[in-house]
Amino acid sequence: MKTWIYVISVVLILACAAAGCTQPSEEEAEAQLCQDLEALGVTLDNYENINVTSSVGEIEDAQDEVETAMENVRQSAAQVADIRVDELDAAYNDLDNSIQSLPEDVTAGEALLTIRPELQAVRAARQNLTAELNCPQS
């Protein structure tokens, strides 16, 4: 019985190693987080390019892109020791709540005016985290 447990344990360890279950080094994790923060910045720039002639659907699409980028930041931040994304999370949650509470009949211009402060807060929180990590500026 003990032999089977040992064999199964070895097989599981080898399978995990082959599948890439190892943790990245701290430098690799920070580099990935910096890349994900850069991608978040790009999606925020795209969001900023929406204007009063845009549709509410375009705003929602931009929000989906930011949401995906934000999830990537959260996942990579979980791999970095001693990094806190609380400020960025709070700012993003405020933006998401603001968008979710937009009335159905809102115009794109009204929506942009409503969410602009929250969008700027996400941008500022992202910049603070990027500076804290000393990410390369592109």
Going through segment 9-54 in order, the residues found to be among the hydrophobic types (A, V, I, L, M, F, W, C), part of a helix (DSSP H, G or I) and at pLDDT below 85 are VAL10, VAL11, LEU12, ILE13, LEU14, ALA15, CYS16, ALA17, ALA18
Being closer than 10 Å to LEU119 by Cβ and among the charged types (D, E, K, R) is the filter here, so list the residues in segment 83-98 that pass it. ASP94
Kindly list the number of the only condition in (1) modelled with pLDDT under 90; (2) of a type outside the set (Asp, Glu); (3) under 18 Å from the mean Cα position of the chain (by Cα) that fails for GLN120. (1)
With the condition kept exactly as written, say whether any residue in segment 109-119 is out of contact with any helix residue (DSSP H, G or I) (no Cβ under 8 Å at 6 or more places or on another chain) and acidic (Asp, Glu). yes
Please enumerate the residues belonging to segment 90-108 that are under 13 Å from GLU67 (Cα atoms) and touching a helix residue (DSSP H, G or I) at 6+ places or on another chain (Cβ under 6 Å). ALA91, TYR92, ASP94, LEU95, ILE99
So, ASN128, is that one more than 24 Å from SER25 (Cα to Cα), part of a helix (DSSP H, G or I) and in contact (Cβ under 8 Å) with a residue 12 or more places away in the chain or not? no
Taking the residues in segment 99-119 that are in a loop (DSSP other than H, G, I, E, B) and free of Cβ contacts under 8 Å to residues at least 24 places away in the same chain as candidates, determine which candidate is surrounded by the fewest Cβ atoms within 10 Å (Cβ to Cβ). GLU104
Out of segment 67-92, which residues are among the charged types (D, E, K, R), more than 8 Å from the chain's Cα centre (by Cα) and surrounded by 13 or more Cβ atoms within 10 Å (Cβ to Cβ)? GLU87, ASP89
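In segment 55-98, which residues are of a type in the set (A, V, I, L, M, F, W, C) and either outside any helix (DSSP H, G or I) or in contact with a Cys (Cβ under 7 Å, 6 or more places away or on another chain) (or both)?
Looking only at segment 55-98, we keep the residues that are of a type in the set (A, V, I, L, M, F, W, C), and these are 56, 59, 62, 66, 69-70, 73, 77-78, 80-81, 83, 85, 88, 90-91, 95.
Those that are of a type in the set (A, V, I, L, M, F, W, C) and either outside any helix (DSSP H, G or I) or in contact with a Cys (Cβ under 7 Å, 6 or more places away or on another chain) (or both): ALA78, VAL80, ALA81, ILE83, VAL85.
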Where the second residue is among the hydrophobic types (A, V, I, L, M, F, W, C) and not in a helix (DSSP H, G or I) and the first is over 15 Å from GLN127 (Cβ atoms) and lies in segment 37-59, which pairs have Cβ atoms under 8 Å and are six or more apart or on separate chains? VAL56/LEU102; VAL56/VAL106; GLU58/ILE50; ILE59/ILE50
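The values are calculated or read from the model by the stated rules, or taken from the named source; none is laboratory data. Small disclaimer: the values here were computed from a predicted structure and weren't measured. No Cβ is skipped: glycine too gets one built from the backbone with ideal geometry, and neighbour counts run over all protein chains shown.
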